[in-house]
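Single-structure report; data block below.
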Amino acid sequence: MDSTVNEVFVKTILNKHKKRDRYFLDDYSVNPYSGCSFNCLYCYTKGSKYGKGRSKVLSAKVNAPEVLEKQLRRRAEKGEYGIIAMSTATEPYQGVEKHLKLTRKLLEIILKYRFPVHILTKSTLVLRDLELLKEVDKSAILPEDLREKFDRGVIVNFSMSTLDEKLANVLEVGAPTPKERLEAMKRCKEVQLFAGVSYIPLLPYISDSEEKLDEMIRTAKDYGADFVFTGVLTLFGNDLAGSKILYYRFLEKRCPELLPRYKNLFERSYQPPKEYQEHLEEKSKKLCKKYRIKKGII
Ligand code: SF4
């Protein structure tokens, strides 16, 4: 075991959502790790309820395969199929995965029980598992009420907040560059997987202008993406480890003129006001139409 990774044992690994996510379509989520070495400044787990209980040191849930085997067997026996999001509170393909292969072992179990999966990643390491993902794609059983709208067993979704390599290097310090992620997405498409890009979070006054969005959506289309997601920035917490303080510090250093505008935008909530959100949504829809690319999966 890597000296920078803790070993933890868990009682449960498959989380069943109360309701299916209407955008990402997942009924379940699986997080093989606790913490994340990519260490994005804006990470929504920093200071929010999603990060509660997360250890400060990166931890690998070493017994996750045995636990998932039991949990999925039970769900499969009852016919409770649903898309599993991998992952919602960590990066399934961060550095340690290269030798731990925990995500890979979990995917092998997912394949055995024929569950569909939605991979959410910023990493190129997902390419290691392309053959396995193709098997999952072929054999997965979708929940009955989704079958008419969607017919794929695997979704590979690469997330990024900007195409600016220098900025990404500051904000998503441990992750492969946006270009590397786009190339990885292209590779997924070449092997006929269903793949696209999540521009989440779009950074107010940095990567959310019509001009920037136009470039981002056009680029996704040029790389062959099946879909594009867009979403707003969220900033949580009031202590030094919270994403709000970390992000404000970044603004102070790099673009202090934006700080008052951000304070105004995040004055009342962890997310920008409804009007901002609606405006961003309208812009994204318009541009997806312009470039004939699906906004969302269905
Ligand atoms: S890759 Fe995802 S989970 Fe990891 S730090 Fe970045 S936003 Fe958080």
- prompt: Taking +1 at the Cβ of each Lys and Arg and -1 at the Cβ of each Asp and Glu, which of L111, M160, Q71 sits farthest along the dipole of the range 6-292 towards its positive end, judged by Cα position relative to the Cα centre?
  reply: Q71
query: For the chain, what proportion of DSSP beta bridges, expressed in % and rounded to the nearest 5, is antiparallel?
result: 15
- prompt: What translational diffusion coefficient, in µm²/s and rounded to a whole number, does the Stokes-Einstein relation yield for the range 63-191 at 10 °C and a viscosity of 1.306 mPa s, taking the hydrodynamic radius as the Kirkwood radius over Cα pairs?
  reply: 102
message: Given points 7 Å out from each Cα along the Cα-Cβ axis, report the R249 to K149 separation in nanometres with one decimal.
response: 4.1
statement: Among K101/K138; K11/K112; K16/K149; K18/K294, the pairs whose Cα-Cα distance exceeds 24 Å are K18/K294
query: What does the accessible area per residue of the range 6-292 come to in Å², with a 1.4 Å probe and no ligands, DNA or RNA counted?
result: 49
Local net charge near Y223, Cβ-Cβ under 12 Å (Lys/Arg +1, Asp/Glu -1): +2
query: Going out from 0 in 10 Å bins, what whole percent of all Cα-Cα distances in the range 186-243 drops into each bin?
result: 21, 39, 24, 14, 2
field: Extension reserve of the R292-E278 stretch, reckoned as 0.36 nm per residue once the Cα distance is removed
entry: 3.0 nm
- prompt: When the accessible area of the chain is computed with all protein chains present and a 1.4 Å probe, what percentage of it is carbon and sulfur?
  reply: 49
I109, I298, I200, ranked by accessible area, largest first (probe 1.4 Å): I298, I200, I109
- line: The answer for chymotrypsin sites (Phe, Trp or Tyr not before Pro) in the range 137-229 that fall in a DSSP coil and have at most 14 neighbouring Cβ atoms within 10 Å is Y205
query: Relative to the longest principal Cα axis of the chain, at what angle does helix 274-290 sit, 0 to 90 degrees, rounded to 10?
result: 70
field: Scattering curve values for the range 6-292, log₁₀ I(q)/I(0), Debye with Cα scatterers, q = 0.10 Å⁻¹
entry: -0.53
query: Can you pull out the GluC sites (Glu not before Pro) in the range 161-202 that DSSP calls coil and that have at most 16 other Cβ atoms within 10 Å?
result: none
- prompt: Where does the longest stretch of the chain lie that holds no trypsin sites (Lys or Arg not before Pro) found in a DSSP loop with 11 or fewer other Cβ atoms within 10 Å?
  reply: 150-267
- request: Sequence neighbours fewer than 8 away in the same chain don't count; with that in mind, list the lysines whose C-alpha is under 23 Å from K166.
  value: K46, K122, K179, K186, K212, K221, K244, K253
query: Just going by the charge dipole of the chain, with Lys and Arg at +1 and Asp and Glu at -1 on Cβ, which of L233, L259, V8 is farthest out on the positive end?
result: V8
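The values are calculated or read from the model by the stated rules, or taken from the named source; none is laboratory data. Since this is a predicted model, take the numbers as computed values, not measurements. Quick reminder, even Gly has a Cβ in these numbers, built from the backbone with ideal geometry, and neighbours come from all protein chains shown. For accessibility, only protein heavy atoms count, side chains too; no ligands or nucleic acids. Shrake-Rupley method; radii C 1.70, N 1.55, O 1.52, S 1.80 Å.
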